[in-house]
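Novice: Mind having a look at this structure? Questions to follow.
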C-alpha cells in the first residue's frame, strides 16, 4: 500500500462519509482545514481501520494533526506484524 | 413558585456497562475491523450502568419504529405514573389538586399524549391544563421548570406537575454504526422524573424559582438532534458540543448579574449530566469549586444520561442530600438541541 493510495482512500472517505468536498493535501490540517472535530476524526479513523483492516493506535506523542500524519500512521500500522484485532 | 418535591421512577431492568457492552458487541460483531473502538467509547463516557425500559433480550424483537414506539408508550405510562405518584406523595399534594400537567420527552410519540393517558390513570381533575412538549431534548428538564414557573406566575395559588420520561434505549438504531450512535449506545439510559411546583401563594416548602433564562445559539442546528426516518430516531451528535458548552460562562454571568448576583453567590449547582466532556467544560468555564458537581457526576456514573429527566434526578438528589441552608442560591442548568441552554436560579 503506497502513501498515495492511502491518501486517495482518505479523500474518498472524507467525501463520502464526512461530506467534505474541498481540497485534501498531506499538509492539510485536520481541524483547521478539513473541519474535523473529535467525532469526525474518530469516524475517519474507524473507516480507515475497516478499509485497510488494521487497528490504528497512535504511539504516545505521535502527532495526528495533518492528513500526512494520518497517512504515516496507517503506513506504520500496516507495516507491523498483524495480530488479530 | 417553589419546587415542592421531585419524584423518580427507574425501570427495574438494570445492567452494568460490561453487560451492555457485551450485548452490543454481539449485535455488532464483525461490523468493525477493530471492535476495541466500541469498548473505548463506552469506557470514555464514565457510565457504570443503566436502567433499560425492557429486559435486554427483548430489544432484538423490536423490528420497526412502530414496535419500538408501542413499547415506549407502554413503559412511559408505567414509569410516568410512578414518578408522578412519587412526587405528589413527597409533596403531600393530592392528584385532584394538580391544575397543570406538563409532559416532556424526546424519545417517543403518542397521541393522545402520555399526559392525557395519565389523567385517566392518576385520576386527575377533568379541567387539568395539559402541555405535552416534544423535541427540546436534554434541555427539557430545565426548560420545563422554567415554562411551568411562568405559568404559575399567573396562577399563584395553583399546583403544577412537570413530568419527564425518556426511554433512550428504545431509540437505539442497531443498524447505525456511526460514531455518534456508538457514543449514544454507551451513554444514554432510561428513566422518569416528576417535579411538583407550587405557586407563590401556597405554603408547601421548597426552594423558590427566582428567575429563569433561555439562551439560543444561532447557527448551531447541526450540533445535536435527531434525523427522523422510517427506522425512528437516528442520533446527531457533533464533537462541537463541549466547545459550545464552554461558552455558557457569558450567559451565566449575564443571567446572575440581572439578579444582582455573581457566581460567587451561588452555593449549589444542578447540571444536566450530558457527558464527561460537557461536565468538564462546565467545571472549567464556570471555575467551579471541587465537588460542586458531585451529584451530577454521580448520576452520570450510576444511570447514564437520561436526556431531560437527568437534571430533574440531580435536582431530587440535591433536595434530599444537600439540604442547603436557607438563603442559599442554586443554579440549575441544561443544554440541548437548537443548540440552546436554559438557566434556572433557585433560592432555598
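Novice: Tell me, which residue of the stretch B:303-318 that is touching a residue at least 40 places away in the same chain (Cβ under 8 Å) and over 11 Å from the mean Cα position of the chain (by Cα) is farthest from residue B:51 (Cα to Cα)?
Specialist: Per the stated criteria, the residue is B:318.
Novice: When you scan the stretch B:271-289, do you find a residue that is away from chain A (no Cβ under 14 Å), more than 30 Å from residue A:42 (Cβ to Cβ) and exposed (fewer than 14 other Cβ atoms within 10 Å of the Cβ), even just one?
Specialist: Scanning the stretch B:271-289, I find at least one residue that is away from chain A (no Cβ under 14 Å), more than 30 Å from residue A:42 (Cβ to Cβ) and exposed (fewer than 14 other Cβ atoms within 10 Å of the Cβ), so the answer is yes.
Novice: Give the residue, chosen from B:239, B:206, B:219, that is closer than 16 Å to residue B:183 by Cα, more than 18 Å from the chain's Cα centre (by Cα) and part of a loop (DSSP other than H, G, I, E, B).
Specialist: That would be B:239, the only listed residue that is closer than 16 Å to residue B:183 by Cα, more than 18 Å from the chain's Cα centre (by Cα) and part of a loop (DSSP other than H, G, I, E, B).
Novice: Looking at the stretch A:3-44, which of the residues that are closer than 18 Å to residue B:238 by Cβ and in contact with a strand residue (DSSP E or B) (Cβ under 7 Å, 6 or more places away or on another chain) is nearest to the other protein chains (Cβ to nearest Cβ)?
Specialist: Residue satisfying both the conditions and the ranking: A:39.
Novice: Any chance you could count how many residues in the stretch B:151-163 are more than 16 Å from residue B:207 (Cα to Cα) and touching a residue at least 12 places away in the same chain (Cβ under 8 Å)?
Specialist: The total comes to 5.
Novice: Among the residues that make up the stretch B:254-262, is at least one of them in contact with a helix residue (DSSP H, G or I) (Cβ under 9 Å, 6 or more places away or on another chain), in a helix (DSSP H, G or I), surrounded by fewer than 21 Cβ atoms within 10 Å (Cβ to Cβ) and at pLDDT 95 or above?
Specialist: Checked the stretch B:254-262: no residue is in contact with a helix residue (DSSP H, G or I) (Cβ under 9 Å, 6 or more places away or on another chain), in a helix (DSSP H, G or I), surrounded by fewer than 21 Cβ atoms within 10 Å (Cβ to Cβ) and at pLDDT 95 or above.
Novice: Is there a residue in the stretch B:156-165 that is away from every other protein chain (no Cβ under 14 Å), closer than 30 Å to residue B:27 by Cβ and touching a helix residue (DSSP H, G or I) at 6+ places or on another chain (Cβ under 8 Å)?
Specialist: yes
Novice: Is it the case, given these coordinates, that residue B:111 is under 20 Å from residue B:71 (Cα atoms) and without any contact (Cβ under 8 Å) to a residue 12 or more places away in the chain?
Specialist: Yes.
Novice: Go through (1) away from every other protein chain (no Cβ under 14 Å); (2) out of contact with any helix residue (DSSP H, G or I) (no Cβ under 7 Å at 6 or more places or on another chain); (3) in contact (Cβ under 8 Å) with a residue 40 or more places away in the chain; (4) closer than 30 Å to residue A:74 by Cα for residue B:31 and report which single condition fails.
Specialist: Among (1) away from every other protein chain (no Cβ under 14 Å); (2) out of contact with any helix residue (DSSP H, G or I) (no Cβ under 7 Å at 6 or more places or on another chain); (3) in contact (Cβ under 8 Å) with a residue 40 or more places away in the chain; (4) closer than 30 Å to residue A:74 by Cα, the lone unmet condition for residue B:31 is (1).
Novice: Here is a follow-up. State whether the residues of the stretch A:52-66 include one that is under 25 Å from residue B:239 (Cα atoms) and in contact with a strand residue (DSSP E or B) (Cβ under 8 Å, 6 or more places away or on another chain).
Specialist: The answer is yes; a qualifying residue exists.
Novice: While we're here: Can you go through B:51, B:42 and tell me which one is within 14 Å of chain A (Cβ to nearest Cβ) and crowded, with 21+ Cβ neighbours inside 10 Å?
Specialist: Going through B:51, B:42 in turn, just one is within 14 Å of chain A (Cβ to nearest Cβ) and crowded, with 21+ Cβ neighbours inside 10 Å: B:42.
Novice: Only strands (runs of 3 or more DSSP E) wholly contained in the stretch B:1-106 count here; list those with 3 or more residues that are under 30 Å from residue B:348 (Cβ atoms).
Specialist: Ranges flagged: B:2-9, B:98-105.
Novice: Then there is this: Using the structure shown, decide if residue B:132 is touching a residue at least 24 places away in the same chain (Cβ under 8 Å), under 25 Å from residue B:211 (Cα atoms) and assigned to a loop (DSSP other than H, G, I, E, B).
Specialist: no
Novice: Considering the stretch A:42-85 alone, what residues qualify as being in a helix (DSSP H, G or I), within 26 Å of residue B:242 (Cβ to Cβ) and either in contact (Cβ under 8 Å) with a residue 40 or more places away in the chain or touching a helix residue (DSSP H, G or I) at 6+ places or on another chain (Cβ under 9 Å) (or both)?
Specialist: A:42, A:43, A:44, A:45, A:46, A:47, A:48, A:49, A:67, A:70, A:73
The values are calculated or read from the model by the stated rules, or taken from the named source; none is laboratory data. Fair warning: this is a prediction, and the values are worked out from it, not measured in the lab. Cβ: placed from backbone, ideal geometry, glycine included. Neighbour counts: every protein chain shown.
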